[in-house]
Each structure stands twice: as structure tokens, then as C-alpha cells.
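K.L.:
Submitted below is the structure of interest, expressed as C-alpha cells.
The values are calculated or read from the model by the stated rules, or taken from the named source; none is laboratory data. Just so it is clear, the structure is predicted and the values come from calculations on it, not from any experiment. Cβ sites come from the backbone with ideal geometry, for glycine too, and all protein chains shown count toward neighbours.
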Amino acid sequence: MAGRARHERQPLTNFSDFGLNKNLLQALTGKGYTHPTPIQAQAIPAVLTGGDLLGIAQTGTGKTAAFALPILQRLSTSASRPPKSCKVLVLAPTRELASQIAESFKTYGKHMGVSVAVVYGGVKYGAQTKIMARGVDVLVATPGRLLDHLSQRTIDLSHTEVLVLDEVDQMLDLGFIVPIRKLVSHLPKTRQNLFFSATMPSEIEKLAGELLRNPTRVAVTPVASTVELVEQRVVFVDSTRKRDALVDLMAEANMKRVIVFTRTKRGADRLAEHLDRAGIDAAAIHGDKSQGQRERALASFKAGQSRALIATDIAARGIDVDNISHVVNFELPHVPESYVHRIGRTARAGKAGVAITLCAPEERGLLRDIQRLTGLDLGAGDGPGGAQAPRGGRGGQQQRPKQAQGRSNGQHAPAGPRGPGQQRGKRRPGKGGGGGGGGGSGDFGRLAAQLSAPRSDRSGRMNPN
Ligand code: AMP
């Protein structure tokens with residue numbers, strides 16, 4: 001069917017083919033997982049051999065189960081652990097991701113009686129110290145807080161058999177590489193190392209080279225291709241009109257569970273207040289919120305009490321909420337990879353979703369960076385200010401939406417009251433076919449009509465070839 005998500009599953013492989021024990025298989029059946037995702041199909045057999053692994057995969061690919069399942073299998077045959085120790089240490093960049101990983105271990109290991117602790121900053125030490133005192137099978141931690149525990153001798157890492165580093169690129173962004181090196185120096189030399197990152201800049205490649213021994217390398221959905229699962233639209237709108245534009249968009253019944261990305265924490269708070277005033281229940285989540293506030297915001301979003309979750313990039317990374325109907329980029333990210341991470345929130349585990357980017361004229365350059373990364377034509381144009389320019393290296397031509405063209409000439413788009421132009425993502429010529437062709441136009445009324453149209457009526461989904 002035109003426009004349906006391409007499920008990157010490998011139907012010939014079953015979880016039972018991996019030799020996982022019946023407790024794990026039972027938990028997977030309970031979760032309703034029928035087939036492993038590609039990262040699982042590649043990583044599980046490799047990890048079960050006991051060797052090191054370098055996984056290039058981003059969130060949404062099923063990578064947590066890719067390491068959690070073989071680790072749990074290993075734990076089912078391993079001896080008991082001493083007090084204040086852990087057999088498996090998982091390091092993650094954010095508290096949300098750490099909690100999520102811990103939850104996954106508990107879910108998959110629920111018929112095995114596995115003990116799991118999660119440790120992160122921003123909360124008191126007491127409860128964490130207490131749970132680690134008994135010794136745990138799996139400890140999931142953010143690096144800073146774990147270092148504190150090490151210095152207080154409330155944890156001893158000398159019995160750790162497996163080290164997992166998850167979302168290493170984000171740990172690098174957050175300045176955790178030095179803490180990671182310190183933590184690693186407390187681990188036994190002989191251990192299994194599993195290393196996951198969505199991207200592999202040279203600094204991460206170097207860290208992987210230091211930590212891993214003869215790793216099996218597995219890579220799935222390169223950062224630029226996951227976006228094919230998401231239907232992408234760009235609405236060209238002045239920054240002063242973005243809030244109203246968002247309120248208009250949220251009036252659509254199909255905007256059921258929406259993550260809205262802002263660039264700043266203050267911007268997230270202000271936008272949540274604006275939506276609330278407009279009668280749209282919204283909650284903001286970012287690094288300045290207390291742990292309790294973050295948990296409450298997430299819980300109300302998950303329960304459907306708030307329809308919109310306003311988030312900054314870092315806060316959103318570890319959030320695993322099913323059935324996000326839309327991702328809205330209220331502001332474009334400065335780093336183009338963040339765009340892919342953001343829109344990936346609505347395409348979890350092969351599901352489809354819609355991403356809407358509100359692009360102000362001054363953000364065109366950022367949109368062009370995203371086009372370059374993803375190979376998609378999002379209507380930014382190539383030349384200064386979106387002006388059309390021959391597309392040298394890619395050898396194709398750009399067809400800009402009429403309204404984007406009008407606005408780049410300083411005219412008002414011939415649209416409704418707010419007059420935004422809009423463009424749907426197209427595979428750019430020379431990057432895998434798909435025909436190009438702009439054709440996005442219309443006001444919010446038309447945009448809304450298109451958003452609620454059946455998928456087969458929409459031409460915006462990327463050509464998966
Ligand atoms: P992750 O990339 O680990 O954050 O996983 C993304 C989402 O995919 C989570 O909501 C998982 O529960 C879900 N998931 C993981 N493995 C599978 C699978 N084999 N089939 C269906 N969903 C899965």
C-alpha cells in the first residue's frame with residue numbers, strides 16, 4: 001500500500017532460533033513481539049557468543065532488547081553476586097533512558113527473578129545505596145552519579161562481567177567521556193563490552209578502539225534512512241506566528257499524541273503555557289525540571305491527559321512512548337542529526353508517523369543542512385535564502401513549492417490568514433530516486449485537510465527505494 005511504513009523486520013528469523021531460554025521467550029510473547037528487528041537479528045547471536053559488539057543503531061530500532069536479551073540469557077546461568085556489586089553495568093546518557101533500559105530488563109527478565117537497579121543524578125542517594133548494597137544483577141546508571149557512588153564506595157565494579165555503553169554519541173555530547181574512562185578503569189580487564197551509538201564520529205571510533213576487543217560490528221538504519229518511515233512536512237511560517245500555527249495544527253483531531261521540540265528550556269515552558277492558555281493540555285519536559293516534575297509530565301502524556309509534550313532534544317532522547325502520532329519541530333535543531341532523532345520518536349520499531357517542521361525564513365539554512373544529511377527535498381532550496389540554484393554534486397533539480405518561492409522573494413504566500421507555505425519531504429533526485437517534485441502549497445485549512453486525509457491520498461511519504 002502506498003505510503004505505509006516499511007517494516008524492517010526479517011520474517012524468517014524467530015526469537016526461538018537464537019536458543020533463548022523459555023522464560024525469555026515467554027516474556028517476549030507477553031510483549032507481543034513476533035519477530036526480531038534487524039539489530040536484534042544481528043546482535044543477539046553475536047552477543048550470545050560472549051564477544052564484544054559495536055552496534056551502530058539509533059533509538060527506535062529495538063536496540064535495547066538487542067543487548068538485554070542475550071545478557072539475560074547469560075545471567076540465567078551465572079553464579080550469584082557479592083554485596084555492593086553488579087554483574088552487568090549499563091551506562092546511559094540520561095535518567096529517562098536509564099529508567100527505560102532498566103524497565104526493559106525487568107520486563108524481559110520478569111520470569112527469571114533478575115534484580116535490576118537504576119542510578120542517576122537529581123535524586124537522593126539513600127535508596128540507590130540501599131538497593132546496591134545487596135548486590136544486583138543489572139545496574140543501569142548515568143556516569144556522573146555512578147562515579148559519586150564509586151567514590152563513596154557504595155558500589156564495587158570489580159565483579160562486573162558485562163559493560164554496555166548506550167547512546168555513546170550523546171554521552172560524548174554531554175561530556176561523559178572522561179567519567180566513562182574513569183569508570184572503566186574500575187572494571188575487571190576481562191569482560192564483555194557492548195557499545196551502541198547512532199553515529200560514529202572519530203572521537204567515538206577512538207573510544208570504541210580503546211574499549212572493544214575484536215568486536216562484531218553491526219549497523220542498521222543509517223541515520224539518514226530511518227526518516228523514510230516518517231511522513232515529513234514543512235510549514236514555512238514566520239517565527240512570530242509559530243505559536244498560533246501550532247495551536248491551529250493542534251485543532252486537528254488526529255494530532256492525538258504530539259511531541260513538540262523547542263530549542264531552549266525556557267522556550268519549552270513558554271510554549272506549554274501558551275498551549276494551556278489556548279485550551280490544549282500540554283506538559284514541558286527538560287533538564288531544569290525536577291525528577292518528580294519530569295516523571296509527572298511523562299506520566300500524564302503517556303496516560304493521554306496531556307496531548308502535547310514540549311521537550312528539548314536532550315530531555316526527549318530517552319523517552320519511549322508508544323503511538324506518538326506527530327512530532328512537531330517548533331524550531332529547527334542546530335545539529336541536523338537531531339532532526340532525525342526527533343522525528344524518530346514517531347517511528348518507533350517500524351511504525352509510521354508524521355513529522356511537521358515549522359520553518360521560519362531565518363531557519364532555511366538549518367533546513368538545508370537537514371536536506372544534505374537525509375537526502376530529502378524538504379523545500380529549503382539550495383541557494384541563499386532558499387533561492388533556486390543548480391544542484392552540483394547531486395545532479396538533480398530542485399522543485400520548490402510555489403509558496404516557499406513566493407516568500408523567499410519577500411512576498412506573502414497566497415494562502416489563508418497566516419499564509420504559511422508547506423512542503424512534504426521528497427527523496428531528492430540522485431539519492432535513491434523518487435521523482436522529486438515539490439508541489440506543496442496551501443494554508444492551514446488545506447494543510448489540515450491533507451493531514452487528516454487517508455495515507456494513500458498523500459504523496460508526501462518518501463519513496464522507500
Ligand atoms: P528501542 O530502540 O530499544 O528504544 O526500542 C524501540 C521500541 O521498539 C520499544 O518500544 C520496544 O518496546 C519496541 N520493540 C523492541 N523490539 C521489538 C520487536 N522485536 N518487535 C516489536 N517491537 C519491539
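K.L.:
Can you pull out the helices (runs of 4 or more DSSP H) entirely within the range 282-370 that have at least 1 residues that are aromatic (Phe, Trp, Tyr), touching a strand residue (DSSP E or B) at 6+ places or on another chain (Cβ under 8 Å) and farther than 23 Å from Thr240 by Cα? Show your work before the answer.
P.N.:
On the way: elements: 291-302, 313-316, 336-343.
The qualifying helices (runs of 4 or more DSSP H) are 291-302.
K.L.:
Shifting gears a bit: Being more than 8 Å from Leu358 (Cα to Cα) and hydrophobic (A, V, I, L, M, F, W, C) is the filter here, so list the residues in the range 237-253 that pass it. Write out each step before concluding.
P.N.:
From the range 237-253, those more than 8 Å from Leu358 (Cα to Cα) are 238-241, 243-253; that's our starting set.
Those that are more than 8 Å from Leu358 (Cα to Cα) and hydrophobic (A, V, I, L, M, F, W, C): Ala245, Leu246, Val247, Leu249, Met250, Ala251, Ala253.
K.L.:
Something else: Quick test for you: out of Ala283, Ala297, Ala268, pick the one residue that is surrounded by 18 or more Cβ atoms within 10 Å (Cβ to Cβ), under 21 Å from Gly344 (Cα atoms) and without any contact (Cβ under 8 Å) to a residue 24 or more places away in the chain.
P.N.:
When all the criteria are applied, what remains is Ala297.
K.L.:
Still on this structure: Could you tell me whether Ile71 is within 14 Å of the ligand (Cβ to nearest atom), assigned to a helix (DSSP H, G or I), touching a strand residue (DSSP E or B) at 6+ places or on another chain (Cβ under 7 Å) and of a type in the set (Val, Ile, Thr)? Before the answer, list the steps.
P.N.:
On the way: within 14 Å of the ligand (Cβ to nearest atom): yes; assigned to a helix (DSSP H, G or I): yes; touching a strand residue (DSSP E or B) at 6+ places or on another chain (Cβ under 7 Å): yes; of a type in the set (Val, Ile, Thr): yes.
For Ile71, the condition - within 14 Å of the ligand (Cβ to nearest atom), assigned to a helix (DSSP H, G or I), touching a strand residue (DSSP E or B) at 6+ places or on another chain (Cβ under 7 Å) and of a type in the set (Val, Ile, Thr) - is met.
K.L.:
Something else: Just give me the residues in the range 91-135 being polar (S, T, N, Q) and free of Cβ contacts under 8 Å to residues at least 24 places away in the same chain, in sequence order. Give the derivation first.
P.N.:
Of all residues in the range 91-135, those polar (S, T, N, Q) come to 94, 99-100, 104, 107, 115, 128-129.
Ser115 - this is the single residue of the range 91-135 that is polar (S, T, N, Q) and free of Cβ contacts under 8 Å to residues at least 24 places away in the same chain.
K.L.:
Restricting the range 206-240 to residues that are among the acidic types (Asp, Glu) and buried (at least 18 other Cβ atoms within 10 Å of the Cβ), which is modelled with the lowest pLDDT? Step through it out loud before you land on a result.
P.N.:
First, the residues of the range 206-240 that are among the acidic types (Asp, Glu): 210, 228, 231, 238.
Filter again for buried (at least 18 other Cβ atoms within 10 Å of the Cβ), leaving 228, 231.
Values: Glu228: 70, Glu231: 89.
Once the filter is applied, the top-ranked residue is Glu228.
K.L.:
Taking the stated definitions as given, is Leu358 closer than 22 Å to Lys256 by Cβ, modelled with pLDDT of 85 or more and away from the ligand (no atom under 16 Å from the Cβ)? Don't jump to the end; show me each part of the working.
P.N.:
Working: closer than 22 Å to Lys256 by Cβ: yes; modelled with pLDDT of 85 or more: yes; away from the ligand (no atom under 16 Å from the Cβ): yes.
Answer is yes for this residue.
K.L.:
Return a yes/no flag: does the range 144-162 have any residue that is within 26 Å of Tyr108 (Cα to Cα), among the acidic types (Asp, Glu) and surrounded by fewer than 19 Cβ atoms within 10 Å (Cβ to Cβ).
P.N.:
For the range 144-162, residues within 26 Å of Tyr108 (Cα to Cα), among the acidic types (Asp, Glu) and surrounded by fewer than 19 Cβ atoms within 10 Å (Cβ to Cβ): present.
K.L.:
Now a separate question. Regarding Ala65, is this residue within 13 Å of the ligand (Cβ to nearest atom) and either modelled with pLDDT of 95 or more or assigned to a loop (DSSP other than H, G, I, E, B) (or both)? Full working, then the answer.
P.N.:
Details: within 13 Å of the ligand (Cβ to nearest atom): yes; either modelled with pLDDT of 95 or more or assigned to a loop (DSSP other than H, G, I, E, B) (or both): yes.
Yes.
K.L.:
Can you run down the residue pairs with Cβ atoms below 7 Å, 6 or more apart or on separate chains, where the first is in the range 15-40 and over 18 Å from Thr77 (Cα atoms) and the partner is more than 12 Å from the ligand (Cβ to nearest atom) and among the β-branched types (Val, Ile, Thr)?
P.N.:
Here the result reads Ile39/Val218, each pair linking the range 15-40 to a residue that is more than 12 Å from the ligand (Cβ to nearest atom) and among the β-branched types (Val, Ile, Thr).
K.L.:
For the range 294-314, does any single residue satisfy the condition of being among the aliphatic types (A, V, I, L, M) and over 26 Å from Leu174 (Cβ atoms)? Break it down stepwise before answering.
P.N.:
Taking the range 294-314 as the starting set, the residues that turn out to be among the aliphatic types (A, V, I, L, M) are 297-299, 303, 308-311, 314.
Next, from what is left, pick out any that are over 26 Å from Leu174 (Cβ atoms): 303.
Checking the range 294-314: at least one residue is among the aliphatic types (A, V, I, L, M) and over 26 Å from Leu174 (Cβ atoms).
K.L.:
May I pose another question? Please enumerate the residues belonging to the range 36-58 that are modelled with pLDDT of 85 or more and within 12 Å of the ligand (Cβ to nearest atom).
P.N.:
Correct list: Pro36, Thr37, Pro38, Ile39, Gln40, Ala41, Ala43, Ile44, Gly55, Ala57.
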